[in-house]
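The values are calculated or read from the model by the stated rules, or taken from the named source; none is laboratory data. What you are looking at is a predicted structure, and each value in this text was computed from that prediction instead of being measured. Cβ placement follows ideal geometry from the backbone for every residue including glycine, while neighbour counts extend to all protein chains displayed. Side chains included, ligands, DNA and RNA excluded: accessible areas come from the protein's heavy atoms. Shrake-Rupley method; radii C 1.70, N 1.55, O 1.52, S 1.80 Å.
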Number of protein chains: 2
Amino acid sequence: MKPILVGMAAAVLLGAQPRSVRSQTPGSDARPATTNVPGQQYPKIDSRLRATFRLVAPGATKVQVSVGGGKYDMTEDTAGVWMVTTPPLVPGFHYYTMIIDGATVADPNSKTFFGSSWEHSGIEVPAPDEDFYATKDVPHGEVRARWYYSNVRHEWRKCFVYTPPGYDDHPAVRYPVLYLQHGFGENQYGWPTQGKMNFILDNLIAAGKAKPMILVADNGDIETFGPGGRPSRPAPSASGGRGDAGQRGDARARGGFDFNSFLSGFESVMINDEIPMIDSIYRTIPDRDHRAMAGLSMGGGQTFITTFDNLDKFAYIGGFSPAVPQDRFAKILEDPAGFNARVRVLFLGTGTVEREHNPNILQLHERLDSAGIRNVYYESPGTAHEWLTWRRDLREFAPLLFKQ
Amino acid sequence: MKPILVGMAAAVLLGAQPRSVRSQTPGSDARPATTNVPGQQYPKIDSRLRATFRLVAPGATKVQVSVGGGKYDMTEDTAGVWMVTTPPLVPGFHYYTMIIDGATVADPNSKTFFGSSWEHSGIEVPAPDEDFYATKDVPHGEVRARWYYSNVRHEWRKCFVYTPPGYDDHPAVRYPVLYLQHGFGENQYGWPTQGKMNFILDNLIAAGKAKPMILVADNGDIETFGPGGRPSRPAPSASGGRGDAGQRGDARARGGFDFNSFLSGFESVMINDEIPMIDSIYRTIPDRDHRAMAGLSMGGGQTFITTFDNLDKFAYIGGFSPAVPQDRFAKILEDPAGFNARVRVLFLGTGTVEREHNPNILQLHERLDSAGIRNVYYESPGTAHEWLTWRRDLREFAPLLFKQ
């Protein structure tokens with residue numbers, strides 16, 4: 001419980017510290033971000049990774065952009081056009097927001113991405129290793145929207161299923177499955193959109209680095225109550241959260257919230273509804289040796305809870321900047337040999353910038369090592385609690401899977 | 001009711017005329033719109049279809065919501081919270097925007113929908129016949145994101161492919177295909193999201209009213225120039241457009257724009273890249289008797305151009321509130337018998353509210369009738385140039401297909 005809160009506090013520190021920075025002068029080589037809606041020139045990013053934002057707000061008195069941990073005052077140019085150029089941004093995907101006279105909204109020039117429980121703008125800053133998630137000239141799998149009925153929740157649910165290239169061409173072949181979970185305030189769109197899970201797997205499979213596998217991304221924003229009444233829950237946090245939580249229409253009571261219970265809310269849906277549905281509809285190999293689960297942040301906590309409680313169903317486990325449910329780790333630490341005998345890969349990932357502020361994943365790795373629990377630890381260079389960390393985690397994790 | 005509808009249609013057609021309306025008092029039975037992001041209470045819609053909007057903007061001096069053809073001043077409640085309740089809205093899906101001190105942005109309480117070339121907020125107002133596009137307890141098909149390379153455009157493209165229930169269970173069965181195109185300023189997400197194409201077909205197929213078929217929704221926003229340089233194009237229009245086009249970063253020259261050339265830009269991609277790709281990857285019946293195309297507004301114009309130019313490839317044609325390329329109709333009017341002999345269904349749809357202001361589709365129908373060209377004409381009761389009209393068009397059109 002405590003490390004979760006510490007992790008989130010760190011993320012907040014990284015995500016929302018206001019700071020005063022004079023607008024930079026953008027390089028002449030600035031180009032529109034790939035996350036812009038088609039035809040939009042702004043935001044632009046130059047070769048030093050400085051981003052220039054633009055917003056039309058002729059009657060506004062104060063306009064700011066909040067991006068990559070900084071909050072930047074925009075200045076009014078001609079005719080109600082507000083602009084600012086930031087210092088160099090960290091490579092990778094960042095949620096960002098515009099703040100117009102106190103209203104936190106998405107930039108209309110940007111595509112939108114569901115994070116912190118609303119439709120954020122997002123900016124893709126080129127990364128030196130971006131080739132691994134690029135749309136390349138390799139065979140491409142599909143990302144299928146699949147609707148299924150949950151008996152646990154009494155509701156229709158939508159998940160995304162990646163089927164690898166050739167899935168329809170080889171109707172006798174069966175595939176292993178990796179279940180991928182998003183973070184708090186995100187949903188099932190996170191891995192296919194921000195996470196680029198399909199391109200990462202397309203590229204790994206084409207290079208012979210990962211086995212063809214099915215990926216499943218479901219909505220893990222499940223509370224332990226019925227679907228009718230939505231109980232209190234913690235306020236949105238983590239990187240990219242809006243500075244204020246003020247757009248929330250309901251003042252959610254925060255007292256008495258049980259985060260561990262919240263984390264485990266998804267377990268029942270996954271075990272009772274989602275996995276049986278996937279195994280009945282898709283050509284899976286429906287045993288523990290061909291089933292993996294990984295998740296980021298909150299989804300990492302859900303992964304540990306779901307897999308540790310159901311080791312008869314999973315042999316591969318990944319925590320990407322994960323929340324750490326201490327009770328579940330206490331339990332596996334009682335029998336390291338038993339855990340090692342059953343779990344083929346336990347993977348832990350974090351970003352070096354994230355780790356500097358919050359070393360809890362490194363500490364968990366060291367604790368597991370000391371106890372003799374086999375695990376793989378990966379640090380993403382120069383990244384924080386953000387999607388480039390998690391894309392790289394997937395790139396590192398997928399090749400370790402299903403090698404028996 | 002009628003005068004309201006007429007007023008709204010006028011506003012829609014003229015591009016969101018401002019009008020002064022005192023805020024209504026919402027009914028106590030108001031419920032959150034289904035288009036809200038999860039957990040958001042606002043906007044709410046009461047049983048009389050009045051919508052209450054809420055925005056937090058503590059430093060703003062003027063906040064408006066533009067929805068359904070009206071622009072409504074919001075009033076500051078307590079602590080920077082702005083609210084307004086509209087008069088009854090027309091049933092169906094409406095794009096809408098917030099205007100904060102002159103900045104036109106999406107409502108952060110809403111999911112986003114790509115329209116007028118940016119990520120709008122949208123509100124789903126309950127319709128008396130909403131059952132036909134509801135997520136019901138029937139077998140559900142999939143909506144698959146498919147990437148393919150266009151040799152015409154020299155770019156990777158993403159389209160959505162609906163495969164009907166049972167597609168993977170019956171690998172020997174082949175299916176007919178309906179290609180569905182969106183309107184101007186929209187993209188391939190329109191039909192699966194705003195259009196609910198998959199639920200409409202799931203329900204029709206379950207009721208035995210339509211044959212199982214594949215649907216394909218691609219991005220028709222193709223210009224006749226290369227992918228590198230984006231030429232001038234007409235300004236966003238139609239319902240839901242922002243009042244100003246000011247967020248456009250580039251001042252696009254509007255002179256010399258050739259709309260007919262713009263409409264035909266997609267034809268080459270579809271004929272040379274998309275159809276061969278679909279026929280090679282999916283289990284289609286790859287002949288004209290099992291291939292249909294329909295589109296709304298701009299996509300209707302693209303449909304007429306593409307199908308009339310390629311009658312060896314299409315036997316079913318649908319125009320939903322379509323743009324009307326006069327040159328192509330002039331050509332088919334030269335040989336009504338020849339056209340009738342080849343085209344099994346030519347479908348024309350419009351909304352009654354749309355028709356009152358712009359009877360061009362009714363007139364086209366009458367002109368075709370007079371010339372002896374067989375066609376089906378449908379009017380959606382009480383709707384304008386919006387998605388409920390087009391959802392109903394699909395409901396009416398799909399049962400007419402592939403009956404030979």
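You will find that of B:196, B:209, the residue that is within 20 Å of residue B:118 (Cα to Cα) and either out of contact with any Ser or Thr (no Cβ under 6 Å at 6 or more places or on another chain) or not assigned by TED's automatic domain parsing to the domain that holds residue B:119 (or both) is B:196 and no other.
If you take the residues in the range A:166-175 that are open to solvent by 10 Å² or more (accessible area, probe 1.4 Å) and in contact with a strand residue (DSSP E or B) (Cβ under 9 Å, 6 or more places away or on another chain), which one is modelled with the lowest pLDDT? Outline the logic, then answer.
First, the residues of the range A:166-175 that are open to solvent by 10 Å² or more (accessible area, probe 1.4 Å): A:166, A:168-175.
Next cut, in contact with a strand residue (DSSP E or B) (Cβ under 9 Å, 6 or more places away or on another chain) only: A:168, A:174-175.
On the way: A:168: 94, A:174: 98, A:175: 98.
So the residue we want is A:168.
Go through B:271, B:305 for me and flag whichever is modelled with pLDDT of 95 or more, crowded, with 19+ Cβ neighbours inside 10 Å and not in a strand (DSSP E or B).
Numbers: B:271 fails: crowded, with 19+ Cβ neighbours inside 10 Å.
Testing whether each residue is modelled with pLDDT of 95 or more, crowded, with 19+ Cβ neighbours inside 10 Å and not in a strand (DSSP E or B) leaves just B:305.
Taken as a whole, the range B:124-145 holds at least one residue that is open to solvent by 20 Å² or more (accessible area, probe 1.4 Å), among the aliphatic types (A, V, I, L, M), closer than 26 Å to residue B:217 by Cα and at pLDDT 95 or above. The single condition from (1) in contact with a strand residue (DSSP E or B) (Cβ under 6 Å, 6 or more places away or on another chain); (2) in the same structural domain as residue B:31 (by TED's automatic domain parsing); (3) open to solvent by 10 Å² or more (accessible area, probe 1.4 Å) that residue B:114 fails is (1).
Among B:96, B:72, which is modelled with pLDDT of 95 or more, within 14 Å of chain A (Cβ to nearest Cβ) and part of a strand (DSSP E or B)?
Values: B:72 fails: within 14 Å of chain A (Cβ to nearest Cβ).
Of the residues listed, the single one that is modelled with pLDDT of 95 or more, within 14 Å of chain A (Cβ to nearest Cβ) and part of a strand (DSSP E or B) is B:96.
Considering the conditions (1) open to solvent by 50 Å² or more (accessible area, probe 1.4 Å); (2) modelled with pLDDT under 95, residue B:242 is excluded by exactly one of them, (1).
Report yes if some residue within the range B:331-345 is of a type in the set (Lys, Arg) and within 20 Å of the chain's Cα centre (by Cα); otherwise report no. No, the conditions are met nowhere in the range B:331-345. Of the candidates A:84, A:90, the single residue that is part of a strand (DSSP E or B) and either closer than 21 Å to residue A:27 by Cβ or touching a Pro at 6+ places or on another chain (Cβ under 9 Å) (or both) is A:84. Residue-level analysis places residue B:321 outside the set of residues that are open to solvent by 10 Å² or more (accessible area, probe 1.4 Å), touching a strand residue (DSSP E or B) at 6+ places or on another chain (Cβ under 8 Å), of a type in the set (Ser, Thr, Tyr) and within 14 Å of residue B:180 (Cβ to Cβ).
Filter the range A:108-141 down to the residues that are at the interface with chain B (Cβ under 8 Å from one of its Cβ atoms) and hydrophobic (A, V, I, L, M, F, W, C), then identify the one that is farthest from residue B:63 (Cα to Cα). Walk me through how you get there before you give the answer.
Narrowing the range A:108-141 to residues at the interface with chain B (Cβ under 8 Å from one of its Cβ atoms): A:108-112, A:114, A:117-119, A:135, A:137, A:140.
If we keep only those that are hydrophobic (A, V, I, L, M, F, W, C) too, we end up with A:114, A:118.
Numbers: A:114: 24, A:118: 20 Å.
Out of the qualifying residues, it is A:114.
Of the helices (runs of 4 or more DSSP H) lying entirely inside the range B:331-404, those containing at least 3 residues that are open to solvent by 20 Å² or more (accessible area, probe 1.4 Å) and not assigned by TED's automatic domain parsing to the domain that holds residue B:67 span B:336-342, B:352-357, B:360-371.
So, residue A:78, is that one out of contact with any Cys (no Cβ under 8 Å at 6 or more places or on another chain), at the interface with chain B (Cβ under 9 Å from one of its Cβ atoms) and either closer than 13 Å to residue B:103 by Cα or part of a loop (DSSP other than H, G, I, E, B) (or both) or not? No; evaluated as a whole, the condition is false for this residue. Of all the criteria given as (1) under 17 Å from residue B:36 (Cα atoms); (2) hydroxyl-bearing (Ser, Thr, Tyr); (3) more than 24 Å from the chain's Cα centre (by Cα), the one not satisfied by residue B:121 is (3).
Just to check your reading of the model, which residue among A:105, A:177, A:152 is at the interface with chain B (Cβ under 10 Å from one of its Cβ atoms) and either under 21 Å from residue A:299 (Cα atoms) or not aromatic (Phe, Trp, Tyr) (or both)? Walk me through it before giving the result.
Values: A:177 fails: at the interface with chain B (Cβ under 10 Å from one of its Cβ atoms); A:152 fails: at the interface with chain B (Cβ under 10 Å from one of its Cβ atoms).
Going through A:105, A:177, A:152 in turn, just one is at the interface with chain B (Cβ under 10 Å from one of its Cβ atoms) and either under 21 Å from residue A:299 (Cα atoms) or not aromatic (Phe, Trp, Tyr) (or both): A:105.
Take residue A:158 and tell me if it is more than 7 Å from chain B (Cβ to nearest Cβ), in contact (Cβ under 8 Å) with a residue 12 or more places away in the chain, in a strand (DSSP E or B) and open to solvent by 30 Å² or more (accessible area, probe 1.4 Å).
Working: more than 7 Å from chain B (Cβ to nearest Cβ): yes; in contact (Cβ under 8 Å) with a residue 12 or more places away in the chain: yes; in a strand (DSSP E or B): yes; open to solvent by 30 Å² or more (accessible area, probe 1.4 Å): yes.
Spelling it out, residue A:158 is indeed more than 7 Å from chain B (Cβ to nearest Cβ), in contact (Cβ under 8 Å) with a residue 12 or more places away in the chain, in a strand (DSSP E or B) and open to solvent by 30 Å² or more (accessible area, probe 1.4 Å).
Residue B:38 satisfies every condition listed in (1) touching a strand residue (DSSP E or B) at 6+ places or on another chain (Cβ under 9 Å); (2) at pLDDT below 95; (3) within 14 Å of chain A (Cβ to nearest Cβ) except (1).
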